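Nothing in this text is a laboratory measurement; each read-out follows from the coordinates by a stated rule. Quick caveat: nothing in here was measured; it's all calculated off a predicted structure. No Cβ is skipped: glycine too gets one built from the backbone with ideal geometry, and neighbour counts run over all protein chains shown.
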Amino acid sequence: MNEKYLELRPTMTDSDLSDMIEKVARFIAERHLAPAGILLLESVRPLHGIGSQAMFFVLPFAEIIFDAKKYQHFAMMMEDENNLKKLISRIDELDEELNRERRKAARLKRQRRKAQIKAFWNKLFKHKNA
């Protein structure tokens, strides 16, 4: 058997990897699922190698739902712990960037509500003492 072993897995360049990380992070952050996504990724990080191999194991069934090449690229991305860390940090960055205004508005609304409640109680007790 002098035949060379043919690699069945597709190759992935650094630009493909960064595009994949960006797409997945944006998908999660735009749907306001960043805390849940980060929690999930952090919890599976110690088992990233086993998880990626499990993804390859279910590949024949996953091809029915997903694009096979993209699915394999995602499984290859999950194989490397550094890529997982990059994905987590990018999700966090995008979540902060996309939701900064919404969080600021919610914070102002809470402060106004607290001020109204405080003014109500001050007014209520001020009239009783007088």
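The figures follow:
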| quantity | calculated |
| --- | --- |
| 19 Å Cα-Cα reach of LYS69 towards aspartates and glutamates, excluding residues that sit fewer than 8 places from it in its own chain | GLU7, ASP14, ASP16, ASP19, GLU22, GLU79, ASP80 |
| Label point 7 Å beyond Cα of ARG102 along Cβ direction - residues of the stretch 11-43 with amide nitrogen under 20 Å | 22-41 |
| Helix 14-30 axis, angle to the chain major axis (alpha carbon atoms, nearest 10°) | 30 |
| Mean projected area (nm²) of the alpha-carbon convex hull when the chain is viewed from all directions | 12.8 |
| The chain, dipole about Cα centre (Lys/Arg Cβ +1, Asp/Glu Cβ -1), debye to the nearest 20 | 2120 |
| Degrees between helix 81-129 axis and first principal axis of the chain (Cα, 0 to 90, nearest 10) | 10 |
| Protection proxy ranking, peptides 67-76, 83-92, average beta carbon neighbours within 10 Å, highest first | 83-92, 67-76 |
| Total formal charge among the other residues, if their Cβ is under 10 angstrom from that of SER52, Lys/Arg +1 and Asp/Glu -1 | -2 |
| Nearest-ten-degree value, helix 34-44 long axis tilted from longest Cα axis of the chain | 40 |
| Candidate aspartates and glutamates for bridging to LYS126, where Cα separation is under 12 Å - those fewer than 8 sequence places away on the same chain excluded | none |
| Local electrostatic count, ASN82, Cβ distance below 14 Å [Lys/Arg +1, Asp/Glu -1] | 0 |
